[in-house]
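Reviewing the structure listed below.
The values are calculated or read from the model by the stated rules, or taken from the named source; none is laboratory data. Keep in mind that this is a model prediction, so the values were computed, not measured. Methodologically, a virtual Cβ is constructed for each residue, glycine included, from the backbone with ideal geometry; neighbour enumeration extends over all protein chains shown. In case anyone asks, the SASA skips ligands and DNA or RNA and just uses the protein heavy atoms, side chains included. Shrake-Rupley method; radii C 1.70, N 1.55, O 1.52, S 1.80 Å.
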Amino acid sequence: MGTFPAAKVERWQRFRDNRNKALAARHGWLTLTSFQWLEDSPAAVELAPGLWSTDGTTASLTAAPADGLSLVESGDAVAGTITAALADEESLMWVQFGGPGGDQVVVELARRAGRYAIRTRDAASPVLTEFTGVPTYGYKPEWEVAGRFEPYPEPVDVPIATANPLVDGVHRTVGEVVFHVPGSGHEFRLQAEEEKLGALTVTFHDETNGESTDDWRKLAVPRPRPDHSVVLDFNRAINYPSAFTPYGTCPMPVKNNSLDVRVEAGEKLPSSD
């Protein structure tokens, strides 16, 4: 039994290492430098060459060879007008430019709330180049709590806000995760979304938000067991990309997903010590 906690800490540290490595991807979330809606007539944008527009269903980019733009997928130079069409909530790493290899900045095309936008992702962004890892609370075994999943007969779509006030979101609630936490005598019920292979995601507020943690965080919950039991390891609570960048469109928690306790576990504000 003496090695059991040590093994848990080791697994958690591996999780943290993988999390920091993923965040430090060359054109990942730490590299966002703008979020801009496209207009209905060709226009210049900030931080990227070319003329950009949308007719509502398709996005268009017109560029000359001198702009130095190329397609991310093929590396082919952009000369003239190219178009792309996305479904809502889809993104496309569309074109790139800049730097010695012509790929320092990637321009992501996105469709959010039925509108087209672009986000520039600059591998030279200081948020990435100065990144040394996300501050976290130390591992606390008491914040690994048992609970149960109570599925709904059918998923329920709940309107939510996002990190961008101009983008509305939808939380497809598949049921509620029910549990107790340290420091509270009552039961909590948080609405959950379903991920691949039956895993769940819970997005939540708690009393540390705005002090030591971001305004909200999320927790991945492994697939419920056949008896509907689940384990919520708040040591693995993580920030949404919007904690690191003002250019995210990350979903806020549904109205009642708040814990009236301090969840002093998981990731802290990126600027915290």
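Assorted remarks:
- Residues located in region 157-195, provided they are free of Cβ contacts under 8 Å to residues at least 24 places away in the same chain and either exposed (fewer than 13 other Cβ atoms within 10 Å of the Cβ) or over 21 Å from PRO222 (Cα atoms) (or both): ASP157, PRO159, PRO165, VAL170, ARG172, GLY185, HIS186, GLU187
- Residues of region 153-199 that are out of contact with any Gly (no Cβ under 9 Å at 6 or more places or on another chain), part of a strand (DSSP E or B) and charged (D, E, K, R): GLU154, ASP157, ASP168, ARG172, GLU176, ARG189, GLU193.
- For region 31-54, the criterion of a residue being farther than 26 Å from SER242 by Cα, exposed (fewer than 14 other Cβ atoms within 10 Å of the Cβ) and touching an Asp or Glu at 6+ places or on another chain (Cβ under 8 Å) is satisfied by at least one position.
- Verdict on LEU92 being in contact (Cβ under 8 Å) with a residue 60 or more places away in the chain and either in contact with an Asp or Glu (Cβ under 8 Å, 6 or more places away or on another chain) or closer than 24 Å to LYS218 by Cα (or both): no
- Boolean, PHE4 is within 30 Å of LYS140 (Cβ to Cβ) and either at pLDDT below 95 or touching a Gly at 6+ places or on another chain (Cβ under 6 Å) (or both): yes
- When ASP88 is tested against (1) open to solvent by less than 50 Å² (accessible area, probe 1.4 Å); (2) in contact with a Gly (Cβ under 7 Å, 6 or more places away or on another chain), just one condition goes unmet, and that condition is (1).
- Of everything in region 196-228 that is open to solvent by 20 Å² or more (accessible area, probe 1.4 Å) and among the aliphatic types (A, V, I, L, M), the residue that is farthest from VAL145 (Cα to Cα) is LEU197.
- Subset of region 203-244 (residues that are under 16 Å from ASP260 (Cβ atoms) and assigned to a strand (DSSP E or B)): PHE204, HIS205, ASN209, THR213, ARG217
- Residue check for THR132: closer than 30 Å to PRO5 by Cα, of a type in the set (Val, Ile, Thr) and open to solvent by 60 Å² or more (accessible area, probe 1.4 Å): yes
- The combined condition, being in contact (Cβ under 8 Å) with a residue 24 or more places away in the chain, touching a Pro at 6+ places or on another chain (Cβ under 7 Å) and open to solvent by 50 Å² or more (accessible area, probe 1.4 Å), is fulfilled by ASP67.
- Only listed residue being among the β-branched types (Val, Ile, Thr) and closer than 30 Å to ASP233 by Cβ, chosen from THR31, THR83, THR57: THR31
- Flag if THR120 is in a strand (DSSP E or B), of a type in the set (S, T, N, Q) and farther than 26 Å from ARG262 by Cα: yes
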